[in-house]
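*Asks:* Right, I'll just put the structure down here and ask away after.
The values are calculated or read from the model by the stated rules, or taken from the named source; none is laboratory data. In this text, all values refer to a predicted model and were calculated from it rather than measured experimentally. Reconstructed Cβ throughout: ideal geometry from the backbone, glycine too, with neighbour counts over all protein chains shown. These area figures cover heavy atoms from the full protein model, side chains too; ligands, DNA and RNA do not enter into them. Shrake-Rupley method; radii C 1.70, N 1.55, O 1.52, S 1.80 Å.
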Amino acid sequence: MCGICGCGEADVRVEGHHQNAVHEHPHDSPPGVVEIETALLAKNDHLAAHNRTWLADRGIVALNLMSSPGSGKTSLLRRTITELSPSRPVAVIEGDQETRIDAERIRSTGAPVVQINTGAGCHLDADMLARGLAELRPQHGSLVFIENVGNLVCPALFDLGEAARVVVVSVTEGEDKPLKYPQMFSVADVVVINKIDLLPYVDVRLEHLIDHCRSVTPGAQVLPLSVTTGEGMTAWRDWLLTSTPSTR
Ligand code: MG
């Protein structure tokens, strides 16, 4: 049971058969009382630090993608992988409560992928990422995208050991999303505003959505784009190439 939000984590499944974890710490999530929340997050931070060292030792850059369900994370990754290939080795860890649907969508691009199903859990944590990385065994110097479980609350609290955090919001979600979920947007290094091709059909002013992003997270890059039409994808690709340089 997650001590933060009370969601269940008992039946986490990582696809595959490799059992060599990045670290050996047990993951016995305590019950959800306030004192324990601090300990749970401190334990997660400790495991995240292990992940960060493990990734750095291999010259791997990991990005944590977070959003509501349906913002277009998997579609963004599919197009990004296609556009970066073959100049940069890319691998993906897919987090969903159930099914391997998104992992199969990523696999069709040719990129290595591991699916983590969290069951009733509403976020990935550092232990799950460690297990996913042990299974994925990403190439040294690669870029690893971590697609978190679709949820704008709990994923913001759990450091995974990533190099940067990407929050994706689509214009169909409304221009006030950053104001309603400031915790999530405040941890973003980049905010991708997706589905701008749908702006003519929704009651959202892009400039207001951008302003709301900047008011919550003034230091973040805000990148409006459309995965469908490709508009704005160059700025996203340029950010990836300049901010996540291969160190091998
Ligand atoms: Mg997805």
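*Asks:* Inside the range 75-105, can you point out the residues that are β-branched (Val, Ile, Thr) and within 14 Å of residue 116 (Cβ to Cβ)?
*Replies:* Once the filter is applied, which keeps residues that are β-branched (Val, Ile, Thr) and within 14 Å of residue 116 (Cβ to Cβ), the range 75-105 yields 92, 93, 99, 101.
*Asks:* Return the pairs, sorted by first residue and then second, in which the second residue is assigned to a helix (DSSP H, G or I), the first residue lies in the range 69-88 and is within 16 Å of the ligand (Cβ to nearest atom), the beta carbons are less than 6 Å apart, and the residues are 6+ apart or on different chains.
*Replies:* Going by the 6 Å Cβ cut-off, the qualifying pairs are 74/102; 74/105.
*Asks:* Exactly one condition in (1) assigned to a helix (DSSP H, G or I); (2) open to solvent by 10 Å² or more (accessible area, probe 1.4 Å) is false for residue 240; which is it?
*Replies:* (2)
*Asks:* Still on this model: Any chance you could count how many residues in the range 164-186 are touching a Pro at 6+ places or on another chain (Cβ under 9 Å) and β-branched (Val, Ile, Thr)?
*Replies:* 3
*Asks:* Here are some residues: 62, 49. Which one is more than 16 Å from the ligand (Cβ to nearest atom), in contact with a Phe, Trp or Tyr (Cβ under 9 Å, 6 or more places away or on another chain) and touching a residue at least 60 places away in the same chain (Cβ under 8 Å)?
*Replies:* 62
*Asks:* Only residues that are without any contact (Cβ under 8 Å) to a residue 24 or more places away in the chain and among the hydroxyl-bearing types (Ser, Thr, Tyr): list them for the range 213-239, please.
*Replies:* Matches in the range 213-239: 234 only.
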